[in-house]
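The values are calculated or read from the model by the stated rules, or taken from the named source; none is laboratory data. Keep in mind it's a predicted model, so treat the numbers as computed, not measured. Ideal geometry is used to build each Cβ from the backbone, glycine not excepted, and the neighbour counts take in all protein chains shown.
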Amino acid sequence: MTREARRRFAALALAGLLALHLGAVGVYLLNESQFAFLAHWRDGREAWRTGHLPVAAVELRAFAQGYREATRPFLIRRDFPTEAQAWAAVGNVDAASGHLLAAAEAFLKAARLGQASAWRERHELLWTLRDATQLEAQGRERLADGNPEARQDLAAAAWLRGDGRAALQEYRTALAALQRWLDQQHRPRQAADGGVVDEQLVLYLLAGTSAWLNGDSAQGQHYCQLLAAAQDAENPMDGLCRAATALHRGETALALDILAKTGVAGGEQTSFAAELKQQASRAPVLQSASPSPAPASHLRR
């Protein structure tokens, strides 16, 4: 090797070592920067856990909003949540603080980033806000995925607009699409205990209760019977169905007793329970000849 070649080799080796050193320094600085940024998440979670919601909201929103910049050009640390989890946490804190519109917006960001549960959280918020327009928009956005929950969004929007018949049709469409969607998601068609999956039970409950409330006793009885036959006998969830049935028979005292012992999971279920109680309070109280068959219902969303 000539002297000139050795010089070139030495220069290249030095440049390589310098680049390696600079790369190591860059990785170290990026790691330190991400560790410092992670303090927003840690402090926000701790403030949330201890009930300091204003502090939690500020810290978690700062983390979610700065997430993409902090993880450029790539994420090094393994203790980072996902960006979707960050926005879902913001939504939970905003909802707990009573800032429902802000929570709905945060859950929408989380859902679009892949946090599937955020769609359900937003559904319940929009129902509480009685925002049929946003519920319908959410349902339309989700239809392309084939998830039957999109039909629940559309059903809720129809119900809020006073169209109980359209709401029931959306629940029925969701039930028809459920098995195909389970296959697409490579999920078993049965629950772990061998029974019906929770999504189907919830749709039976919503379809049956909404039908009773809409005055369609035939459909109400049909879906409530399907729910009664498919649910886990040790954890029944058909309290609203049984209350609606008792109320239809004029057994007001029994209906009120069932409602008092029935837990609901939020969203439509909460409103349907309240509407049944209002109907019962306006009806003459007739004592049922049979004792209440109403164990506490198992909550399923």
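Values as computed for the structure displayed
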| quantity | calculated |
| --- | --- |
| The one condition in (1) out of contact with any His (no Cβ under 7 Å at 6 or more places or on another chain); (2) on the phi < 0 side of the Ramachandran plot that GLY146 fails to fulfil | (2) |
| Residue list for the range 83-135, filter: part of a helix (DSSP H, G or I) and over 26 Å from HIS52 (Cβ atoms) | ALA111, ARG112, ALA116, TRP119, ARG120, HIS123, LEU126, TRP127, ALA132, THR133, GLN134, LEU135 |
| Qualifying residue in the range 65-79 (condition: surrounded by fewer than 24 Cβ atoms within 10 Å (Cβ to Cβ) and at pLDDT 95 or above) | yes |
| Criterion violated by LEU276 - all others in (1) at positive phi; (2) buried (at least 17 other Cβ atoms within 10 Å of the Cβ) satisfied | (1) |
| Every residue from the range 8-64 that is small (Gly, Ala, Ser) and modelled with pLDDT under 70 | ALA10, ALA11, ALA13, ALA15, GLY16, ALA19, GLY23, ALA24, GLY26 |
| Hey, LEU205 within 24 Å of GLN278 (Cα to Cα) and crowded, with 20+ Cβ neighbours inside 10 Å or not | yes |
